[in-house]
Every structure is written in structure tokens, then in C-alpha cells.
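A short worksheet on the structure shown next.
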Amino acid sequence: MRRVKTYSAQSGYVYQYYYEGHRDFRSGGESGVEFVFTISADRKNWHATSVLVSEAALRAWEQSHARELSSTERYAIAKIALFQAFDERPAPTQMKDEVRVRNADVDAIIETLGL
């Protein structure tokens with residue numbers, strides 16, 4: 001059973017979301033992990049949103065800190081990136097666009113998480 005969660009965004013919208021799963025992705029010479037969430041801002045209309053976490057960004061952090069990130073930590077990075085998109089994108093319609101996590105994003109998110 002899916003567990004629906006709620007996030008009150010700084011944009012003023014209250015989003016409901018649940019985690020669908022993850023899979024590898026390759027696009028335009030980039031690869032990494034795609035985390036898929038189903039989201040809604042009105043509890044009526046739901047759609048999938050992907051958070052693409054670049055393998056190069058993860059690898060750069062892991063090399064500079066001499067340790068690997070666990071699957072739980074990788075999921076936490078994707079979830080915080082989703083929350084940032086909820087906060088920064090002015091309208092729910094813009095949440096249909098994928099969220100991309102780059103090197104600087106990984107550093108900032110991990111610092112926020114205190115890892």
C-alpha cells in the first residue's frame with residue numbers, strides 16, 4: 001500500500017506525494033538514478049514526477065569524502081530535491097517537468113542533511 005505524504009511548500013501550495021520507485025536512466029550522455037514520485041496539489045489530479053540524480057554528481061561527492069552513499073542516503077537526496085522544486089516552482093503545472101540533481105545540488109543537500 002502506498003503511503004501518501006504531505007508537504008507544505010514555500011510556494012504556498014500543499015502537495016501530496018508518494019514514492020513509486022527508482023530505476024537507472026541514461027539520457028544525452030548522462031546517467032544516474034531516476035526516482036519516481038506521484039504528486040498532486042489538489043488531491044484530484046495526480047501525475048508522475050521524476051527526480052534525476054546524476055551518477056557523476058554522486059561519484060564526485062563520494063570521491064571527495066572517501067565513502068559511498070547508501071541507497072537510503074541517495075533516496076534522501078532525491079526527496080530533498082523534490083521538496084526544493086515544490087518550494088521554488090511557482091505553480092503545480094511546473095512540477096510536470098523533471099527535477100535534475102547536479103554536483104552543487106548534492107553538496108548542498110548533503111550539508112542540509114548533516115551527512
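Restricting attention to the range 28-86, the residues that are in a strand (DSSP E or B) and either under 16 Å from T112 (Cα atoms) or over 8 Å from the mean Cα position of the chain (by Cα) (or both) total 14. Residue count for the range 100-115 satisfying the condition of being small (G, A, S) and either assigned to a loop (DSSP other than H, G, I, E, B) or surrounded by 13 or more Cβ atoms within 10 Å (Cβ to Cβ) (or both): 2.
The single condition among (1) over 17 Å from the mean Cα position of the chain (by Cα); (2) over 15 Å from R102 (Cα atoms); (3) among the aliphatic types (A, V, I, L, M) that A9 does not meet is (1).
When the residues of the range 71-99 are filtered to those that are among the basic types (K, R) and within 21 Å of Y13 (Cβ to Cβ), the one that is surrounded by the most Cβ atoms within 10 Å (Cβ to Cβ) is K79. Y18 fulfils the conditions (1) in a loop (DSSP other than H, G, I, E, B); (2) more than 24 Å from R102 (Cβ to Cβ) except for a single criterion, (1).
The residues of the range 35-57 that are free of Cβ contacts under 8 Å to residues at least 40 places away in the same chain and within 22 Å of L69 (Cβ to Cβ), listed by number, are V36, E55.
Only the coordinates and a few stated rules stand behind these numbers; no lab work does. Keep in mind it's a predicted model, so treat the numbers as computed, not measured. A quick note on method: Cβ atoms are made from the backbone with ideal geometry, for glycine too, and the neighbour counts reach across all protein chains shown.
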